[in-house]
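Have a look at the structure below before the remarks.
The values are calculated or read from the model by the stated rules, or taken from the named source; none is laboratory data. Just so you know, these numbers come straight off a predicted model, no measurement behind them. Cβ coordinates were reconstructed from backbone atoms using ideal geometry, including for glycine residues, and neighbour counts include every protein chain displayed. Ligands, DNA and RNA are stripped out before the accessible areas are found, and what is left, the full protein with its side chains, is counted by its heavy atoms. Shrake-Rupley method; radii C 1.70, N 1.55, O 1.52, S 1.80 Å.
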Number of protein chains: 2
Amino acid sequence: MRKLLASLLIASLPAAAALSEQDIQTAAKLRDQALQSSQAYDLVESLVVEVGPRLAGSDNNKKAEAWAINKLKSLGFDKVYTEAVTIPTWTRGTIHAEIEAPYRQHLVISALGGSVGTDENGINAEVAFFDSIDDLKAADAKAVKGKIVFINKRMVRAQDGFQYGTTVAGRSKGAVEAAKLGAKAVLIRSVGTSPHRFAHTGVMRYQEGVARIPAAAVSVPDADLIEAMVKRGQPVRLHLELSAEPGPDTTVHNVIAEVTGSEKPDEVVVISGHLDSWDEGQGAIDDGAGVAIAAAAGKLIKDLPQRPKRTIRVIFYAAEEIGLYGGYAYAEQHQGKSLAKHVLAAESDFGAGRIYRLDTRFGPEGEPLRQALAKVLMPIGVDLGNNQAGGGPDVSMLPAQGVPVVSLRQDGTYYFDYHHTPDDTLNKIKPDELAQNVAAWVAMAYLAAQNDAPLRPIPEGNFGE
Amino acid sequence: MRKLLASLLIASLPAAAALSEQDIQTAAKLRDQALQSSQAYDLVESLVVEVGPRLAGSDNNKKAEAWAINKLKSLGFDKVYTEAVTIPTWTRGTIHAEIEAPYRQHLVISALGGSVGTDENGINAEVAFFDSIDDLKAADAKAVKGKIVFINKRMVRAQDGFQYGTTVAGRSKGAVEAAKLGAKAVLIRSVGTSPHRFAHTGVMRYQEGVARIPAAAVSVPDADLIEAMVKRGQPVRLHLELSAEPGPDTTVHNVIAEVTGSEKPDEVVVISGHLDSWDEGQGAIDDGAGVAIAAAAGKLIKDLPQRPKRTIRVIFYAAEEIGLYGGYAYAEQHQGKSLAKHVLAAESDFGAGRIYRLDTRFGPEGEPLRQALAKVLMPIGVDLGNNQAGGGPDVSMLPAQGVPVVSLRQDGTYYFDYHHTPDDTLNKIKPDELAQNVAAWVAMAYLAAQNDAPLRPIPEGNFGE
């Protein structure tokens, strides 16, 4: 049924100078091949089982790079190479926290990425409880000084992860705001939607001139417990011991594979994910899925009887989690002539749920490509969205350099249940959903590589995502 | 609508000599009061927040007993007292495990209750992998000697938790069977249905004359990881460090509260749960819910304008998790004349899901009570089941002494997602579902206390559950 529908739609597509009927037919064929293939699942399974978690700068990060180079070579890409990225390092160490009063209880907790540790004796202090970072900012220093700030901001499920954006400031900026008021440490309710007892890690920031205090997240059930004690009206005292510490800078690598274009090899379509992950889970949905989707899409195009007109560049970005280091390094290293030849860039970094929408950021002459993409993707449940795409974290800095981007938006209803937790494991990926992702990506990448109409100049303005 | 239906049904109930129309109306009223009450939820919230986990024999077990005595007194029961129970103790200590080869990865793991520890250096050994304990029993010692046995038996969700029974032998007897063949330790896939990264603890046994080897469970995603490596065909080596150790015997207590019967105070209806829990979760669904349901049901009967004919005895059993110690102690202490006066006994120990079925174990003259129970409970979704009830873990030894029992069967579809894991937390209890439980229990207990027809002699034979 789906195949029939697809054929009908393709037959009725208006002629577009930018793309031939043959291009559209080939994109549809690639899409259908992807739906039948387990390539992406096999790749992420291999990465999870043979490497596992791969914190930026860790030994496992090195293993992951070696895995990626070997795997991309064995898939037969025309070129496989790396580009160096300098990053800061950080060691998680150990963490132990409990409520000491009014009722002694153990807490499930995770240090935030980049946090400093406590001294050996840890920190014992009363809780200063806030519903949000805005409430903290508005607080009197007397209510905070010498205490452990607790930010209890809730995050509710949404298909597009909307509340991640409205909640994550507590994680990224909580330590700075708490320290400005004299707090000894900051703890937050996990920035996630899991009702299960996992703490969500993620990167946090310090600010020059503001004291660096330890920062950590507790699981949702543990946040509920703290809240229940606070609501009883007695002072709540916590104990926190944390041995995390920042380390020296090191070098990691963006790992890159290409299918060389047959007509305009210097014009490049970038499809990507990020290779690093947080260290407590397996890095399956964040972002093993993304690198697997990009590589599997590239491999399908490589296996065509002939090369696409333009080059397909598969990038496994380095060190996304700790601050988009791979993305910024790429943008810097390719600034100017190289980026000017980037036809399009996009990253898959929102898990492994089905894609339901395609957003773009194309100039007016990109409309035939938009329409072709809509026609080829609609049969697999992907409808055309806005023209304000951001493209994904590691390519988010490229529109400012004029590079067109697309966002193939995934259903993230459950993404923030697993994201950045120990529960980011392989069994959270549904093979058929992952295959649908590859289907969308391969069709998109192929059509972008065949499209002869300019996608530039791209519209400015806010990202719609 | 529900109330209307209930009234219609009660009106059409055939006259039963054993119970008056007034009894039935009162039971229906208690049921409807329970549906509107948050009493049970408030109780389990208090237990979870103010005590938390309460491993049998631990300091928190003592706190839980004090909490229970205070709480039951404050609820106004006619009597509150304790009965001593002697139990062995056990300290969990710390655990650390990883896969060493072919790919080094950390494992999420939990010591099984009662397990001995490793020495300081831990155990390094190759995995001997089995799909079930039956496969292990059939194995050649050569394939096991000096290795770490891994039992990968899966457990699939079911409303009645069917596969717990077919899977738990790997946990309880795995160490004995593995040690008989010379294994150094036994690890199992968690006996649970959670796809999340929690290891399920639970009690295990040793056997006189068989070496005592360490035993632990890994989470389902970690079991998948071990399985994926085993399937790659290379030897899989694990490292296990565990500091668990058995301790000296100690005394804990069954905590008991009564509503004294007005006509036959020495005839007793027992409703119960167990006060102890495993130590890694909050003991909310196992079995904070059960003690809260029993106490809330007793409290509603206590608040009636007049006492029921027979005594309602609410028991918070001690030390269920480590081997039904409270239940066995009660059966022994009350053997003979006291148990002969037990009209009926039942325990709530299957979480906090809605009750959907009532099983009984009554003699032929119990039929009017069965029918009365069916009529009063049907409007809240509880249908009559078989007459082969077991009654629940801590009363399971009472039918052998002639005591009638009932099983108010709860929907356990998700029970084994949380049971015995760190994820057994308050937010897994839905207040409306808990209230429906109290509604069924209070109606059942009241009718049993009013019923004048003998429920004995009870049928023998296998438990139907």
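How many partner chain Cβ atoms sit within 10 Å of a residue's Cβ in peptide B:424-435, on average, as a whole number? Before the final figure, lay out the partial values.
Numbers: counts 2, 10, 4, 7, 4, 0, 0, 0, 0, 0, 0, 0.
Taking all residues of B:424-435 together, the mean is 2.
Taking every DSSP helix (H) stretch of at least 4 residues in chain A, weighting each as -39,500 (n - 2.57) and dividing the sum by the residue count yields a mean residue ellipticity at 222 nm of -9500 deg cm²/dmol.
Give me the net charge of A:Asp131's neighbourhood, meaning all other residues with Cβ under 9 Å from the Cβ of A:Asp131; Lys, Arg count +1, Asp, Glu -1. Please report the intermediate quantities before stating the final value.
Values: positive: A:Lys153, A:Arg154; negative: A:Asp134, A:Asp135.
That works out to 0.
In the range A:190-204, burial by the other protein chains removes 40 Å² or more of accessible area from A:His196, A:Arg197, A:Phe198, compared with the chain on its own (1.4 Å probe, ligands and nucleic acids ignored).
In the structure shown, the pairs A:Lys73/A:Lys264; A:Lys299/A:Lys375; A:Lys79/A:Lys173; A:Lys71/B:Lys173 are assessed against 32 Å; a Cα-Cα span above that value is assigned to A:Lys79/A:Lys173; A:Lys71/B:Lys173. Less than 5 angstrom separates the built amide H of A:Val405 from those of A:Ala345, A:Arg361, all sequence-distant by 5 or more or on a different chain.
Note down the magnitude of the dipole of chain B about its Cα centre, charges +1 on Lys and Arg C-beta and -1 on Asp and Glu C-beta and zero elsewhere, to the nearest 20 debye.
460 debye
Peptides A:326-336, B:179-189 ranked from most to least packed by the mean count of surrounding Cβ atoms within 10 Å: B:179-189, A:326-336. FRET efficiency for A:Gln36 and B:His96, Cβ-Cβ distance as r, R0 = 51 Å, nearest 0.05? Efficiency at R0 = 51 Å is approximately 0.75. Of all chain A residues, the one whose Cβ lies closest to the rotation axis that maps A onto B, given with that distance rounded to whole Å, is A:His196, 3. Label-point spacing for B:Glu367 across the identical copies (point 7 Å from Cα in the Cβ direction), in nm and ascending order: 8.2. The other copies place their B:Ala211 label points at 5.5 nm from this one, listed shortest first, where each point is 7 Å from Cα along Cα→Cβ.
Out of the total accessible area of the protein assembly as shown (probe 1.4 Å, heavy atoms of protein only), what percent is carbon and sulfur? Taking all protein chains in place, the protein assembly as shown shows 50 percent carbon and sulfur surface. In percent, rounded to a whole number, the relative contact order of chain A is 23, using alpha-carbon pairs under 8 Å and six or more apart.
Based on the Cβ-Cβ distance from A:Lys264 to A:Glu460, what FRET efficiency comes out when R0 is 35 Å, to the nearest 0.05? Intermediate values should be presented prior to the final figure.
Working: r = 26 Å, r/R0 = 0.75.
Efficiency, rounded to the nearest 0.05: 0.85.
What fraction of the DSSP beta bridges in the protein assembly as shown is antiparallel, stated in percent and rounded to the nearest 5? Mind dumping the intermediate values first?
Details: 78 of 136 bridges.
Beta bridges within the protein assembly as shown, antiparallel portion: roughly 55 percent.
For the range A:93-243, report the % of Cα-Cα distances exceeding 24 Å. Of all Cα-Cα pairs in the range A:93-243, 22 percent lie more than 24 Å apart.
Tell me, how many Å apart are the Cα centres for the range A:348-362 and for the range A:167-235? Between the Cα centres of the range A:348-362 and the range A:167-235 lies a distance of 30 Å.
For the range B:180-242, a crude dipole built from +1 on the beta carbon of Lys and Arg and -1 on the beta carbon of Asp and Glu, taken about the Cα centre, is about 160 debye to the nearest 20. For the peptides A:99-108, B:131-140, A:217-226, residues were scored by their other Cβ atoms within 10 Å and the scores averaged per peptide; the highest-first order is A:217-226, A:99-108, B:131-140.
Considering Cα pairs under 8 angstrom that are at least six residues apart, work out the relative contact order of the range B:93-243 and quote it in whole percent. List each step's numbers first, then the result.
Numbers: 360 pairs, mean separation 58.7, N = 151.
Answer for the range B:93-243 is 39 percent.
Placing a label point 7 Å from Cα along the Cα-to-Cβ axis, A:Ser38 is separated from the same position in the other copies by 5.0 nm, shortest listed first.
Run through the DSSP bridge list for the range B:286-432 and note the antiparallel percent, rounded to the nearest 5. Counting DSSP beta bridges with both partners in the range B:286-432, the antiparallel share is about 65 percent. In a simple Cβ point-charge model (Lys, Arg +1; Asp, Glu -1; nothing else charged), the range A:11-151 has a dipole of about 240 debye relative to its Cα centre.
Dipole of the protein assembly as shown computed with +1 at Lys/Arg Cβ and -1 at Asp/Glu Cβ about the Cα centre; of B:Met444, A:His420, A:Leu55, farthest Cα towards the positive end is B:Met444. Across peptide A:223-230, the average count of Cβ atoms from other chains found within 10 Å of a residue's Cβ is 3. Efficiency by 1/(1 + (r/R0)^6): what FRET value for A:Asp59 and A:Asp432, r their Cβ-Cβ distance, R0 = 30 Å, to the nearest 0.05? The calculated FRET efficiency here is 0.30. Straight-line cross-link partners of B:Lys142 among the lysines, defined as a Cα under 18 Å from its Cα and at least 8 positions apart when in the same chain: B:Lys180, B:Lys184. Taking the DSSP bridge list for the range A:93-243 and keeping only pairs wholly inside it, about 55 percent are antiparallel. Extension gain for A:Gln371-A:Val156 works out to 74.0 nm (0.36 nm per residue, less the C-alpha to C-alpha distance).
Is there a simple number for the mean count of other chain Cβ atoms within 10 Å of the Cβ of residues in B:122-132, and what is it?
Values: counts 0, 0, 0, 0, 0, 0, 0, 0, 0, 0, 0.
Counting Cβ atoms of other protein chains within 10 Å of each residue's Cβ and averaging gives 0.
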